[in-house]
Ligand SMILES: Nc1ncnc2c1ncn2[C@@H]1O[C@H](COP(=O)(O)OP(=O)(O)OP(=O)(O)O)[C@@H](O)[C@H]1O
Ligand SMILES: [Mg+2]
């Protein structure tokens, strides 16, 4: 018997020892986004049967537009959760960045592009501050971002005086991501394009570069990563900073989507972003998950909201469904993590 | 022993017969008066250690004697409160494990330091990934996953471990012994000067332990220096050139398998007898 025969025989042996359930567990272990994808398809099918207008090109366009902001925020949230952290300040950073952009550029006070860059830089700095507090002072991410959530929200309200700025007082640059183009009935905004690019870039970085590998390593076991020569602190600091940058981009998308800069916009952005990440199969314990799962998770949450509203059902059902999904997703994650060879 | 000076005897107690030329060289790694405290607990209380080119130095001692703490101070995992470490005669101060690795010191820590969620190849190359050739690697920073997986397979097979087939398998799906084999393979593949093994055979079966010990001998024959921490006395007496005995956070002495038998070694380790400075 040749060596390859031996190994395929032993692989066959291993396969035969596993029950179908164990094999499913193995599949999900390697591809944690499979179960959310399945759920998304089932949800699509169910809403299509209930109301055939659900699956038209125009309503799909609306669904994607509604998903864009949370999907963008959830990219940053995924990075943070992969390191076994949590970011409660996502919405606050986005709103602060948005109010600064809009206030600076209001009534041509400043060229749109300059205001945009300042806003995004501010969000990046806010992320960096989170990162410094987590790495230098060694505080738990939950506490740090709970604190900065209040701080950034307060600054946004104080700075803007609590009032909204409508799109017609803002330069085209800031409104640009709300514009778009149609492919037949299917309308795509530039904001959606930016979201897709975000997922592509971060997906590439996470799966193809050393930095991405370190993010997983630090989240799975920070001390082992350090002993293995991974600069754990630098990676963590980088993750929070990049997350801040992404929230700044989300702020830009939000102006386009909402047609205004409002200091109390997106009140449930924090929980929605965490929900998308968790339903997407990323482990709250860190080190496990795929960015594509987060996109699916964001779509699932929005699909329930959109589908139920098309059916004319009370929106409370949406929250109920989301709550159940979160608990099921975490339970599945716990089960997957017990996988054995 | 007429060839050794009394100064050398203080530094390393005894010299294996016929190897005096090795011990008149400069040590590869030498530590003087290493002190480290954890709050009110004294981890190391002024420890010296010398490691010579091409030797296997075993470190033995009871649980809590400070063996792991000592090698962590030597490899950048801990930064000692005071003391001096020299690599090839040059003073070094490692702030992070990465610094020691860059200097050619590879370590298998007692807690193994592998990342369960990552696959075997990723673990072997963690912290020193190879990138693709051309702009994919230099501009896009893409990893050469295929190449690393192939070379990881070679490193594991070099160790003689046959039960690990798939380098793309997550480490958490491996048995304890297989994980240990991965950690040892990583050190053996990348160590260029010194290899430190903290109880590398603790989780291994008889056959696999034998392979690791063979590997230790091979590394020594290639001219590398090995520090081996073990509670397995027959193993130590089989493979070590010299034996550093750690006791209560200090060095109780250094012996050789020729000059002292296991019983005497254990007696020094437990404090039943003391090693006189000019023995043997
Ligand atoms: N990070 C730490 N914090 C506090 N105390 C520590 C730390 N690391 C080591 N110690 C203490 O230092 C002493 C020596 O521990 P060490 O792990 O070096 O022992 P060891 O000789 O390796 O034992 P074993 O054979 O059980 O592995 C112990 O008393 C331990 O409690
Ligand atoms: Mg130990």
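The values are calculated or read from the model by the stated rules, or taken from the named source; none is laboratory data. Given the structure is predicted, the values throughout are model-derived calculations rather than measurements. Cβ coordinates were reconstructed from backbone atoms using ideal geometry, including for glycine residues, and neighbour counts include every protein chain displayed.
From B:140, B:197, which residue is within 10 Å of chain A (Cβ to nearest Cβ), in contact with a helix residue (DSSP H, G or I) (Cβ under 8 Å, 6 or more places away or on another chain) and either farther than 30 Å from residue A:336 by Cβ or away from ligand 1 (no atom under 16 Å from the Cβ) (or both)? Give the steps one after another, and end with the answer.
On the way: B:197 fails: within 10 Å of chain A (Cβ to nearest Cβ).
Unique residue meeting the criteria: B:140.
Answer with yes or no whether residue B:149 is farther than 30 Å from residue B:27 by Cα, away from every other protein chain (no Cβ under 13 Å) and surrounded by fewer than 17 Cβ atoms within 10 Å (Cβ to Cβ). No, not satisfied.
Within segment B:223-236, count every residue that is in a loop (DSSP other than H, G, I, E, B) and closer than 22 Å to residue B:74 by Cα. Total satisfying the criteria: 4.
Having 1 or more residues that are more than 14 Å from chain A (Cβ to nearest Cβ) and crowded, with 20+ Cβ neighbours inside 10 Å is the bar; report the helices (runs of 4 or more DSSP H) wholly within segment B:11-116 that clear it. Those helices (runs of 4 or more DSSP H) span B:20-23, B:67-74. Quick check on residue B:157: is it surrounded by 17 or more Cβ atoms within 10 Å (Cβ to Cβ), at pLDDT below 90 and within 13 Å of chain A (Cβ to nearest Cβ)? No; evaluated as a whole, the condition is false for this residue. Tell me, yes or no, whether segment B:124-137 has at least one residue that is touching a residue at least 24 places away in the same chain (Cβ under 8 Å) and either closer than 17 Å to residue B:211 by Cβ or more than 8 Å from chain A (Cβ to nearest Cβ) (or both). Yes: one or more hits.
Has segment B:237-258 got at least one residue that is within 16 Å of ligand 1 (Cβ to nearest atom), in the same structural domain as residue B:48 (by TED's automatic domain parsing) and in a helix (DSSP H, G or I)? No. Taking the condition touching a strand residue (DSSP E or B) at 6+ places or on another chain (Cβ under 9 Å) and either within 16 Å of ligand 2 (Cβ to nearest atom) or within 14 Å of another protein chain (Cβ to nearest Cβ) (or both), does residue B:229 pass? Yes.
Scanning segment B:61-90 for residues that are in contact with a helix residue (DSSP H, G or I) (Cβ under 6 Å, 6 or more places away or on another chain) and either near ligand 1 (Cβ under 10 Å from one of its atoms) or not assigned by TED's automatic domain parsing to the domain that holds residue B:236 (or both) yields a total of 3. Annotation for segment A:312-319: no member residue is more than 14 Å from every other protein chain (Cβ to nearest Cβ) and touching a residue at least 40 places away in the same chain (Cβ under 8 Å). Answer yes or no: is there a residue in segment A:94-114 that is assigned to a helix (DSSP H, G or I), out of contact with any helix residue (DSSP H, G or I) (no Cβ under 8 Å at 6 or more places or on another chain) and either crowded, with 21+ Cβ neighbours inside 10 Å or on the phi > 0 side of the Ramachandran plot (or both). Taking every residue of segment A:94-114 in turn, at least one turns out to be assigned to a helix (DSSP H, G or I), out of contact with any helix residue (DSSP H, G or I) (no Cβ under 8 Å at 6 or more places or on another chain) and either crowded, with 21+ Cβ neighbours inside 10 Å or on the phi > 0 side of the Ramachandran plot (or both). Taking every residue in segment B:193-204 that is touching a residue at least 24 places away in the same chain (Cβ under 8 Å) and more than 20 Å from residue B:69 (Cβ to Cβ) and pairing it with any residue that is assigned to a loop (DSSP other than H, G, I, E, B) and away from ligand 1 (no atom under 12 Å from the Cβ), at least 6 positions away or on another chain, the pairs with Cβ-Cβ distances below 8 Å are B:193/B:28; B:193/B:88; B:193/B:103; B:193/B:104; B:193/B:224. In summary, helices (runs of 4 or more DSSP H) completely within segment B:130-221 and bearing 1 or more residues that are within 16 Å of ligand 2 (Cβ to nearest atom) occur at B:176-190. For segment A:192-203, the criterion of a residue being under 18 Å from residue A:81 (Cβ atoms), crowded, with 17+ Cβ neighbours inside 10 Å and at the interface with chain B (Cβ under 7 Å from one of its Cβ atoms) is satisfied by no position.
Restricting A:187, A:226, A:257, A:169 to residues that are touching a helix residue (DSSP H, G or I) at 6+ places or on another chain (Cβ under 8 Å) and within 14 Å of chain B (Cβ to nearest Cβ) narrows the list to A:226. In the set A:282, A:303, only one residue is within 12 Å of residue A:32 (Cα to Cα), in contact (Cβ under 8 Å) with a residue 24 or more places away in the chain and surrounded by 20 or more Cβ atoms within 10 Å (Cβ to Cβ); that residue is A:282.
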